[in-house]
Structures are given as structure tokens and as C-alpha cells.
Amino acid sequence: MPALYTVLLLVIANIFMTFAWYGHLKMQELKWISHTTPLIIVVLISWGIALLEYFCQVPANRMGFHGNGGPFSLMQLKVMQEAITLIIFTVFTVVFFKGETLHWNHFAAFVCLILAVYFVFMK
């Protein structure tokens with residue numbers, strides 16, 4: 001169960017992280033904020049969202065790390081997190097930013113990520 005909880009928390013954390021880093025671009029498009037909104041306001045909004053990310057990311061890493069009784073090494077946690085980040089980012093981009101399209105090189109990069117996850121978990 002710690003492995004499942006770790007992955008689930010990493011997915012939730014990465015959803016918040018993606019919105020914290022790129023959500024303000026969509027907010028601007030939706031006119032919730034404008035390009036003249038002071039940068040400090042945009043940063044504070046992003047920090048608020050990122051705080052929610054940390055409430056999931058830190059427990060995921062603590063629970064998942066083998067030094068705390070979890071099933072994953074530090075390298076496995078990091079590579080898994082990076083793969084999850086790019087999957088979440090891709091879904092976010094395709095769903096919320098309709099002008100962005102996927103190309104063959106994006107799929108090639110995904111294959112490389114899958115291979116990275118495979119190799120990091122190899123004994």
C-alpha cells in the first residue's frame with residue numbers, strides 16, 4: 001500500500017505543481033488576471049497553489065523512501081516524479097491550451113522517459 005499511496009500523492013502533487021507553474025497563463029487567457037496584474041500577485045497565487053503541492057509531495061517522499069520503510073530508493077522516487085510531472089503537464093497542455101499540439105518528437109521523449117523509469121527500477 002505505501003507504493004500506491006506514494007504514486008497517488010505524487011500525481012496529486014504534480015497536478016497542483018503544474019497549476020502553480022502554468023495556471024496563471026490560463027487565468028490570464030480567461031481574464032481572471034491580466035498581463036498587467038503585478039507579478040508579485042501572480043507569484044503569491046502560485047505560492048498558494050504550490051503549498052498544496054507540498055502537502056502531498058513531502059508525505060509521498062517520506063512514505064515512499066526505503067529509509068523510512070517505503071518501497072523506493074531516492075533515485076526511483078525522483079525518476080518516477082519526473083515521469084509523472086511530464087504526463088500531467090502533457091494532459092494539462094492538451095486539455096487547457098488547445099493551440100498546443102503533440103508531435104512525433106514528444107512521443108519519442110515519452111518513450112525515453114518510460115525507458116528511464118524501467119532502467120531505474122531494474123535490479
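Each stretch of four or more DSSP H residues adds -39500 (n - 2.57); spread over every residue of the chain, this sum gives -27000 deg cm²/dmol at 222 nm. When both the range 43-111 and the range 1-42 are represented by their alpha-carbon centers, they are found 11 Å apart. As a length-normalised measure over Cα pairs under 8 Å and 6 or more apart, the relative contact order of the chain settles at 31 percent. Computed over protein heavy atoms with a 1.4 Å probe, the carbon and sulfur contribution to the accessible area of the chain reaches 76%.
Roughly what angle does helix 104-121 make with the longest principal axis of the chain, taking Cα atoms, 0 to 90 degrees, to the nearest 10? Tilt relative to the chain: about 30 degrees. Think of each Lys and Arg Cβ as +1 and each Asp and Glu Cβ as -1; about the Cα centre, that makes the dipole of the chain roughly 100 debye.
The values are calculated or read from the model by the stated rules, or taken from the named source; none is laboratory data. Small disclaimer: the values here were computed from a predicted structure and weren't measured. Counting neighbours? That spans all protein chains shown, and the Cβs are built from the backbone with ideal geometry, glycine included. Just the protein is used for accessible areas: all its heavy atoms, side chains included, with ligands, DNA and RNA removed. Shrake-Rupley method; radii C 1.70, N 1.55, O 1.52, S 1.80 Å.
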